[in-house]
Amino acid sequence: MEVINILGTGSAMVTKCYNTCFTISNGKEHFLVDTGGGNTILSNLEKLDIGMDQIHNVFISHRHNDHISGIIWVIRAVAQQIINGKYDNNLTIYCHKENIDAINTISDLLLDKKFTKYIGTRIIFREINDKCKLSILDWNIKFFDIRSTKQLQFGFSTILKNGKKITFLGDEPYNEKSFEYANNADYLFHEAFCLFSQKDIFKPYEKHHATVKDACENASRLNVKNIVMYHTEDKNITQRKKLYTDEGRKFYSGNIIVPDDLDIIEL
Ligand SMILES: [Zn+2]
């Protein structure tokens, strides 16, 4: 059974939910996609009953605080399990070169040597480049540069064991250069910072983010079956599912998924 475990759904400055990150899981093992900004990665993994010894693959999309900083806690937790003799095999962190440097630097600054000594031996980096294909758990993952104008960022696409195509576009709007990855996706993970009707309140375009309307128009044009919207503001959190679904419905006739933290999506 392939599922998505949603660990966080918010944008950078949220306080009512965690930053956007999730796992793709095959039942036993979990491919972690981004880590959010802090220690809540550990509590949300625990709440979803995901043990550190079930995570051996982590992807970091880009170097913003709300995506990368949680890796420090993952490294520390994995290193502690290694010390305790409870972690088999290695942890592989997939990211581009600048992020490898950043993770090494912050680890050296913030973690004790007893943890960082495993970096390079049991905790290893795998550099990714545009269009590179890597086999991770059960899946052949194609990573691609999402063409961010702010900072180099990667998304990915893969075909699940059940034959469905899943594509993650990171935390920026769909770019036409990603067409081959997003077109005809069964599941498109597209950020939606806020409702279009509230764009004057949240100003998504200044931050180079999309609205629900934009995301759903893209999903419609790309013939997507399910859109998953995340990386949102949190002022509407209690009504978010309904408000975002209602707006999205006007522009897209496929299935709209607006997950809350700790939701599980069966693929
Ligand atoms: Zn972000």
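The values are calculated or read from the model by the stated rules, or taken from the named source; none is laboratory data. Predicted, not measured: the structure shown is a model, and the values here were computed from it. Neighbour counts are summed over all protein chains in view; Cβ atoms, including those assigned to glycine, are modelled from backbone coordinates with ideal geometry. Remember, those area values only see protein heavy atoms, side chains included, never the ligands or the DNA or RNA. Shrake-Rupley method; radii C 1.70, N 1.55, O 1.52, S 1.80 Å.
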Next item on the list: Would you please list the contacts, defined by Cβ atoms under 7 Å and residues six or more apart or on different chains, that run from a residue in segment 241-266 that is over 20 Å from LYS164 (Cβ atoms) to a residue that is part of a helix (DSSP H, G or I) and open to solvent by less than 20 Å² (accessible area, probe 1.4 Å)?
Entry: TYR244/VAL212; GLU247/VAL212; GLY248/VAL212; GLY248/CYS216; PHE251/CYS216; ASP261/ASN44; LEU262/ASN44
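Going by the conditions given, is LYS47 in contact with an Asp or Glu (Cβ under 7 Å, 6 or more places away or on another chain) and farther than 19 Å from PHE156 by Cα?
Working: in contact with an Asp or Glu (Cβ under 7 Å, 6 or more places away or on another chain): no; farther than 19 Å from PHE156 by Cα: yes.
Spelling it out, it is not the case that LYS47 is in contact with an Asp or Glu (Cβ under 7 Å, 6 or more places away or on another chain) and farther than 19 Å from PHE156 by Cα.
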Margin query: Among the numbered criteria (1) under 30 Å from ASN162 (Cα atoms); (2) open to solvent by 30 Å² or more (accessible area, probe 1.4 Å); (3) in a helix (DSSP H, G or I), which one does ASN223 miss?
Written below: (3)
Notebook entry, point to check: Just wondering, is there one or more residues in segment 141-156 that are open to solvent by 60 Å² or more (accessible area, probe 1.4 Å), more than 18 Å from ILE24 (Cβ to Cβ) and over 17 Å from the mean Cα position of the chain (by Cα)?
Noted result: yes
Item checked: Of all residues making up segment 62-73, the number that are under 12 Å from ILE106 (Cβ atoms) and touching a residue at least 40 places away in the same chain (Cβ under 8 Å) -> 3
Item checked: Matching residues, segment 109-122, being touching a residue at least 12 places away in the same chain (Cβ under 8 Å) and either farther than 21 Å from ASP88 by Cα or in contact with a Phe, Trp or Tyr (Cβ under 9 Å, 6 or more places away or on another chain) (or both) -> LEU110, LEU111, ILE119, ARG122
Margin query: For the list (1) within 16 Å of the ligand (Cβ to nearest atom); (2) of a type in the set (D, E, K, R); (3) open to solvent by 20 Å² or more (accessible area, probe 1.4 Å); (4) closer than 20 Å to ASN140 by Cα, I need the number of the one condition that LYS28 fails.
Written below: (1)
Next item on the list: Scan segment 161-182 residue by residue and report those that are open to solvent by less than 10 Å² (accessible area, probe 1.4 Å) and touching a residue at least 60 places away in the same chain (Cβ under 8 Å).
Entry: ILE166, PHE168, GLY170, ASP171
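For segment 69-81, name all the residues that are within 16 Å of the ligand (Cβ to nearest atom) and open to solvent by 10 Å² or more (accessible area, probe 1.4 Å). Walk me through how you get there before you give the answer.
Quick first cut of segment 69-81, residues within 16 Å of the ligand (Cβ to nearest atom) only: 69-71.
Residue satisfying the conditions is SER69 alone.
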Next item on the list: Filter segment 11-25 for residues that are of a type in the set (S, T, N, Q) and either within 12 Å of the ligand (Cβ to nearest atom) or open to solvent by 10 Å² or more (accessible area, probe 1.4 Å) (or both) and give the result.
Entry: SER11, THR15, ASN19, THR20
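Residues being open to solvent by less than 40 Å² (accessible area, probe 1.4 Å) and within 11 Å of the ligand (Cβ to nearest atom): count how many of those fall in segment 33-68. Working first, answer last.
Restricting attention to segment 33-68, the residues satisfying the condition of being open to solvent by less than 40 Å² (accessible area, probe 1.4 Å) are 33-38, 41, 44-45, 48, 50-52, 55-62, 66-68.
Filter once more, so that each one left must be within 11 Å of the ligand (Cβ to nearest atom): 34, 36-37, 61-62, 66-68.
Here the count works out to 8.
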